[in-house]
Structures are given as C-alpha cells and as structure tokens.
Amino acid sequence: MTMKIPSALLLGCLICGNAFAKEWDFDVYLDKTRIGQHTFSLNEANKLVSQAKFNVKVLFINAYQYQHTAIEEWQDGCLKSLEASTLENEVATKVKGNVDSDRFVVNDGKEQKALPACAMTFAYWSQKMLLQTKLLNPQNAEWLDTRIIKTGSEMLDVKGQKIETLRYKLNASLADKPKLNIDLWYRADNHDWVALRSTTPEGYIINYKLR
C-alpha cells in the first residue's frame with residue numbers, strides 16, 4: 001500500500017505551559033479505519049499548537065507512518081512566525097519562516113522564498129482563511145493557488161448531535177497542478193470549525209471527526 005496524506009492537513013505544533021483559549025481535538029479516519037489523532041490548540045497569545053500522529057496498517061504491518069509538529073505565531077490575522085518538522089516514513093523535513101520588514105520569509109532547508117508580509121497557512125480555525133487566494137503549506141513551503149467556495153448548509157453529526165453547518169470546498173494547486181481537495185464544515189451559529197474531509201491523490205478519503 002502506498003499513499004501520501006496531504007500535508008496541509010497537518011498544521012502541527014508542540015508547546016507546553018500555556019493556557020489555551022480554544023482547542024479542536026480530532027480523531028482521524030482513513031476511509032472507515034481510525035489511523036490517529038490530531039489536536040489543534042490556540043492560546044491567548046495567538047500561538048497555534050497542534051500535534052498529529054498517523055499510523056496506517058495493512059495486515060498488521062505498518063504501511064504508512066506520519067508525525068508532524070509545528071509552531072505558528074499569529075498577529076492581527078497574519079502569520080508572524082512558523083517552525084515545522086515532519087517525519088514521514090522516516091523521511092524528515094523542516095520548514096521555518098518569519099516576518100522580515102514587508103515580507104514573510106520562509107525556508108525549507110533547500111530554498112528561501114519571500115512571500116507577502118500577511119501570509120497565511122491552512123488555518124482552518126480562522127474564518128479569514130476562507131477569503132484567501134494564496135496559502136502557505138507549512139510542511140514543504142509551497143505557496144499554493146487556492147480557491148475556496150461555500151457550497152451550502154447541511155445537518156452534520158458532531159460528537160453525537162445533529163447540528164446545522166456551513167460547508168466549504170477548498171482546492172489548491174501549484175503551477176496548475178492540483179494539490180489539495182478538501183471539504184470543511186463550520187457551525188452555522190458561531191462559525192466554529194467542526195469537521196474536515198480530504199481526498200488523497202490515491203483516492204483515499206480522510207475524515208476529521210471531533211472527539
């Protein structure tokens with residue numbers, strides 16, 4: 001079995017000793033099989049904290065393993081700094097970025113890029129993200145063309161209760177090559193992020209369900 005989980009799903013961060021203003025704790029499923037957990041936390045200082053760990057088994061053999069951590073600092077809805085590390089099937093990558101004067105400079109260890117000063121990653125928790133046409137992938141530093149549209153409202157089962165949600169479709173590409181195909185759901189009453197579904201390049205379905 002070969003697969004690659006879209007890395008922009010995995011905005012990971014690890015930080016200790018802070019009180020969090022908001023937390024999203026998801027079980028993650030590949031098709032109908034639980035493969036791990038992903039927790040996002042946002043503290044009072046607008047530092048995003050998330051941890052993701054996935055393990056896909058086939059016939060009791062570890063076919064795919066993924067760990068991703070990152071720290072994202074935000075100010076006035078703009079990314080102030082980024083530090084991300086990923087271990088995917090024993091292949092390690094690191095990305096760092098910081099605001100420098102009138103630009104956001106990001107480095108993946110091979111190349112340095114200068115982006116607009118108010119850049120954003122795939123910050124699903126932020127309503128401002130839904131208005132963006134360019135987003136930064138924190139795992140590989142790709143600056144992606146992004147199209148996000150509202151597709152309507154629907155009732156969704158969230159933590160055992162049916163609630164009214166707003167659904168959005170997110171498609172991202174690089175040099176006209178499709179990269180991401182994601183559906184997002186937000187509560188209709190307060191716009192809180194409650195669910196995510198993505199189709200991998202191999203056609204697998206990944207679902208994020210709140211614990």
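Since every read-out is calculated from the coordinates, none of them should be taken as a lab result. Note that the structure is a prediction, hence the values are computed from the model and not measured. Quick reminder, even Gly has a Cβ in these numbers, built from the backbone with ideal geometry, and neighbours come from all protein chains shown.
Observations on the model:
- The coefficient of translational diffusion for the chain, derived via Stokes-Einstein from the alpha carbon Kirkwood radius under 20 °C and 1.002 mPa s, stands at 122 µm²/s.
- Electrostatic bookkeeping for L196 treats Lys and Arg as +1 and Asp and Glu as -1; over the other residues with beta carbon under 10 Å from its beta carbon, the sum is +1.
- Within region 43-127, the trypsin sites (Lys or Arg not before Pro) that combine a DSSP coil assignment with at most 12 other C-beta atoms in a 10 angstrom radius are K110.
- Within region 106-171, GluC sites (Glu not before Pro) in DSSP loop having at most 15 other beta-carbon neighbours inside 10 Å: E111
- Cβ-based net charge around P116, under 10 Å, with every Lys or Arg adding one and every Asp or Glu removing one: +1
- Put in order of Cβ neighbour count within 10 Å, fewest first, the listed residues V106, V56, V28 become V56, V28, V106.
- Computed 3J(HN,Hα) for region 164-179, one whole-Hz value per residue from the Karplus formula 6.51 cos²θ - 1.76 cosθ + 1.60 where θ = phi - 60°, is 7, 10, 9, 10, 10, 10, 10, 10, 10, 9, 9, 6, 6, 9, x, 10, glycine and proline marked x.
- Taking label positions 7 Å along the Cα-Cβ direction at both N89 and E154, the computed distance is 3.1 nm, reported to one decimal.
- Selected from V99, V158, V91 as most flexible by GNM, with the chain as the system and alpha-carbon contacts under 10 Å: V91
- Volume per residue of the convex hull around the Cα atoms, evaluated for region 106-211, comes out as 124 Å³.
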